[in-house]
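**Student:** Have a look at this one before I ask anything.
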Amino acid sequence: MLKEIHRSTDEFGAIQVLDDGAKRYLAFGNEHEQSCQIKATPHVPQHEYSRAIMMVLLFCKPHSVCIMGLGGGTSAMAFLHALNEQEHRQVVAVELRPAVVKIAHHYFQLPKHESLAIHESDALEFLQKNQQAYDVLVADLYHHHGIDKVQLQSEFITTCCQRVTDHGWLVLNYWLDHEIPQELLEILHDNFAQIFVCNSGGGNWIIYAGKSLADADHLDAKRVKPLAKKLGFSLNYYLKRLKILT
């Protein structure tokens with residue numbers, strides 16, 4: 001039985017934590033889950049879109065990852081776990097709501113780790129003030145009403161392009177019913193050498209834009225199977241849904 005174990009309110013609205021014994025959920029006061037976690041394997045994403053996001057690790061071997069939108073912290077933990085053999089790995093998460101950061105640590109096993117940095121900030125302001133570029137930059141900005149509109153704005157996408165390394169990838173999470181402005185697609189095509197899109201099967205489009213071409217072996221079973229084993233789920237479902245974005 002699903003039980004509410006936490007409820008609070010900040011200036012942006014309600015925050016709920018729900019638990020059914022094996023799983024824990026984060027919600028922002030509506031029917032949409034922001035995060036879902038199996039407590040025995042907190043680093044394994046459960047939502048289709050979250051799993052699809054991790055496919056970017058087939059296209060490159062990053063040392064630095066920045067995730068905009070923390071939620072319960074599962075994506076941050078997934079990248080931290082996947083990069084555990086990388087030297088000097090760095091995972092950065094940017095979250096607007098301080099209360100969400102506290103809840104991720106307290107209820108969702110988000111660790112305090114030397115390779116993980118959490119910034120409580122508006123995502124666009126963070127990118128504008130912070131001049132660092134990342135090998136993987138993920139935009140997953142959602143509120144109780146849906147997507148943060150900044151993720152549909154040219155200024156945000158242009159700034160994201162500037163914060164991706166020369167061999168890096170930008171990953172964008174959109175709902176299927178979002179009308180992605182043509183201007184945004186033109187910005188992506190002007191700034192990236194290769195763009196893929198994946199219908200995650202859970203109601204989301206995931207866009208992957210690379211400053212350079214994907215690693216040549218990104219479809220090789222010798223690359224796919226070890227990554228899938230480390231992530232804790234099969235990638236074949238998402239690979240079948242992967243297309244070039246024209």
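Just so it is clear, none of the values below were taken in a lab; they were calculated from the coordinates. These numbers were taken from a predicted model, which means no experiment stands behind them. Every residue, glycine as well, gets a Cβ built from its backbone with ideal geometry; the counts of neighbours run over all protein chains shown.
**Student:** Can you list residues from other chains, or at least 5 along the same chain, whose modelled amide H is less than 5 Å from the amide H of residue 63?
**Tutor:** 135
**Student:** A further question follows. How high is the relative contact order of region 43-244? Use alpha-carbon pairs under 8 Å, at least six apart in sequence, and give a whole percent.
**Tutor:** 24
**Student:** What pairs in 129/229; 102/211; 112/230; 23/211 have C-alpha atoms more than 28 Å from each other?
**Tutor:** Those over the limit are 129/229; 102/211; 23/211.
**Student:** Pairs of alpha-carbon atoms within less than 8 angstrom and 6+ residues apart define the contacts here; what relative contact order does region 4-59 have, in percent?
**Tutor:** About 19 percent, as a whole number.
**Student:** Sorted by packing (mean other beta-carbon atoms within 10 Å per residue), highest first, where do 166-172, 85-91 land? Walk me through the intermediate numbers first.
**Tutor:** Numbers: 166-172: 21.9, 85-91: 14.1.
By packing density, highest mean first, the sequence is 166-172, 85-91.
**Student:** So how do 36, 160, 198, 66 line up by other beta-carbon neighbours within 10 Å, fewest first? Before the final figure, lay out each step's value.
**Tutor:** Values: 36 19, 160 26, 198 23, 66 30.
Ranked by crowding around the Cβ, least crowded first: 36, 198, 160, 66.
**Student:** Sticking with this one: Please report, in whole Å³, the volume per residue of the convex hull around the C-alpha atoms of region 186-246.
**Tutor:** Here the figure is 94 Å³ per residue.
**Student:** A further question on this structure: Give the residue from 188, 199, 57 lying farthest towards the positive end of the charge dipole for the chain; charges sit on Cβ (+1 for Lys and Arg, -1 for Asp and Glu) and the dipole is referred to the Cα centre.
**Tutor:** Toward the positive end, the furthest listed residue is 57.
**Student:** Ranked by Cβ crowding within 10 angstrom, fewest neighbours first, how are 7, 241 ordered?
**Tutor:** Working: 7 12, 241 16.
By the 10 Å Cβ count, ascending, the order reads 7, 241.
**Student:** Next question. Sorted from fewest to most neighbouring beta carbons within 10 Å, what does the list 200, 234 look like?
**Tutor:** Final ranking by Cβ density, sparse to dense: 234, 200.
**Student:** How many Å³ per residue does the convex hull of the Cα positions in region 43-244 occupy? Can you show the working numbers first?
**Tutor:** On the way: hull volume 22.9 nm³, N = 202.
Here the figure is 113 Å³ per residue.
**Student:** A follow-up question, please. Within region 94-125, name every residue whose backbone N is under 18 Å away from a label modeled 7 Å from Cα of residue 149 along the Cβ vector.
**Tutor:** Answer for region 94-125: 122-125.
**Student:** Relative to a virtual label point 7 Å from the Cα of residue 63 in the Cα→beta-carbon direction, which members of region 160-191 show backbone nitrogen distances below 18 Å?
**Tutor:** Correct set: 163-169.
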